[in-house]
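*Asks:* The structure under discussion is supplied below as structure tokens; questions concerning it will follow.
The values are calculated or read from the model by the stated rules, or taken from the named source; none is laboratory data. In this text the structure is predicted, and so the values were computed from the model without any measurement. Because the Cβ atoms are built from the backbone with ideal geometry, glycine has one as well, and the counts that use them run over all protein chains shown.
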Amino acid sequence: MNKQGNSRLSPEFVLLGFLYKHPGHGYELHTRLQEEFGAIWHASQSQTYNILNRLEAQNYLTSTSLEQEKLPPRHLLCITESGITRFETWLMNPTKSSVHAIRVEFITRLYFIQLYYPQNTQEMIRIQIDMVNAGLYGLQKDLANLPDNLTVNRLALELRIKLLTSVITWLNECNETFSSKYSPRGKND
């Protein structure tokens, strides 16, 4: 796995991930986005269609029109080779070291790693812990070098440090969850 971060937060990777192994229709993709990621990603149906149209314009998806009796044609969406490359590159990179990015993007990655490459789950979590630890180290260094009279900045850095520390605790708990899931004992339970 590459250790580079990705700062772009968009449900486009959810949509590419849904199409990674199977073609789909826009409405079905939107419904699945709402059902499986509703607590993480918020997109209206028109936003979902706009993202799908953009991905098609960028040649990450292709669309085939399917005629229906007494209804408008449906468009079957398929991921292209460049869409597969884009999705796999995103999937194999850790999330940047921020609480928001972890809550949204890392959890999305975790879903798809579990779905398509479950054997890579613990490595992905370990690399993410390393990424967050590096971010935490940078914040602690910034805090140590901050003049005492900058109280609000100090409080902001202290909050970010506490939040990232809690993220590391949570990531370790995730690792334990998946460790027991893939251990011989966990498989037989």
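*Asks:* For K21, indicate whether it is surrounded by fewer than 19 Cβ atoms within 10 Å (Cβ to Cβ) and at positive phi.
*Replies:* On the way: surrounded by fewer than 19 Cβ atoms within 10 Å (Cβ to Cβ): yes; at positive phi: no.
Against the criterion (surrounded by fewer than 19 Cβ atoms within 10 Å (Cβ to Cβ) and at positive phi), K21 does not qualify.
*Asks:* Here's a follow-up. Mind checking which residues of the range 76-115 are β-branched (V, I, T) and out of contact with any helix residue (DSSP H, G or I) (no Cβ under 7 Å at 6 or more places or on another chain)?
*Replies:* Of the range 76-115, the ones β-branched (V, I, T) are 79-80, 84-85, 89, 95, 99, 102, 104, 107-108, 113.
Matches in the range 76-115: T80, I84, T85, T89, V104, I107.
*Asks:* Same structure, new question: From V152, V132, grab the single residue that is farther than 28 Å from H42 by Cα, at pLDDT 95 or above and not aromatic (F, W, Y). Before the answer, list the steps.
*Replies:* On the way: V132 fails: farther than 28 Å from H42 by Cα.
Going through V152, V132 in turn, the sole match is V152.
*Asks:* Could you tell me which of the residues L150, L146, L171, L159 is buried (at least 17 other Cβ atoms within 10 Å of the Cβ) and outside the structural domain of Y20 (by TED's automatic domain parsing)?
*Replies:* Working: L150 fails: buried (at least 17 other Cβ atoms within 10 Å of the Cβ); L146 fails: buried (at least 17 other Cβ atoms within 10 Å of the Cβ); L159 fails: buried (at least 17 other Cβ atoms within 10 Å of the Cβ).
So the residue among L150, L146, L171, L159 that is buried (at least 17 other Cβ atoms within 10 Å of the Cβ) and outside the structural domain of Y20 (by TED's automatic domain parsing) is L171.
*Asks:* Considering each of T89, T95, T31 in turn, give the residue that is out of contact with any Asp or Glu (no Cβ under 7 Å at 6 or more places or on another chain), closer than 23 Å to L171 by Cβ and among the polar types (S, T, N, Q). Give the steps one after another, and end with the answer.
*Replies:* On the way: T95 fails: out of contact with any Asp or Glu (no Cβ under 7 Å at 6 or more places or on another chain); T31 fails: closer than 23 Å to L171 by Cβ.
Only one candidate passes the filter, namely T89.
*Asks:* Which numbered condition trips up P73, out of (1) out of contact with any Ser or Thr (no Cβ under 7 Å at 6 or more places or on another chain); (2) modelled with pLDDT under 95?
*Replies:* Against the list (1) out of contact with any Ser or Thr (no Cβ under 7 Å at 6 or more places or on another chain); (2) modelled with pLDDT under 95, P73 comes up short only on (1).
*Asks:* Out of curiosity, is L9 under 22 Å from L115 (Cβ atoms), surrounded by 11 or more Cβ atoms within 10 Å (Cβ to Cβ), at pLDDT 95 or above and not charged (D, E, K, R)? Walk me through it before giving the result.
*Replies:* On the way: under 22 Å from L115 (Cβ atoms): yes; surrounded by 11 or more Cβ atoms within 10 Å (Cβ to Cβ): yes; at pLDDT 95 or above: no; not charged (D, E, K, R): yes.
Considered against the rule, which asks whether it is under 22 Å from L115 (Cβ atoms), surrounded by 11 or more Cβ atoms within 10 Å (Cβ to Cβ), at pLDDT 95 or above and not charged (D, E, K, R), L9 comes out as no.
*Asks:* How many residues does the range 143-162 contain that are touching a helix residue (DSSP H, G or I) at 6+ places or on another chain (Cβ under 6 Å) and in a helix (DSSP H, G or I)? It would help to see each step written out before you state the result.
*Replies:* Step one: of the range 143-162, the residues touching a helix residue (DSSP H, G or I) at 6+ places or on another chain (Cβ under 6 Å) are 143, 146, 157, 160-161.
Narrowing further to those that are in a helix (DSSP H, G or I): 143, 157, 160-161.
Adding up the residues that qualify gives 4.
*Asks:* Being buried (at least 17 other Cβ atoms within 10 Å of the Cβ), over 19 Å from I161 (Cβ atoms), in contact (Cβ under 8 Å) with a residue 40 or more places away in the chain and not charged (D, E, K, R) is the requirement here; does I40 meet it?
*Replies:* Working: buried (at least 17 other Cβ atoms within 10 Å of the Cβ): no; over 19 Å from I161 (Cβ atoms): yes; in contact (Cβ under 8 Å) with a residue 40 or more places away in the chain: yes; not charged (D, E, K, R): yes.
Against the criterion (buried (at least 17 other Cβ atoms within 10 Å of the Cβ), over 19 Å from I161 (Cβ atoms), in contact (Cβ under 8 Å) with a residue 40 or more places away in the chain and not charged (D, E, K, R)), I40 does not qualify.
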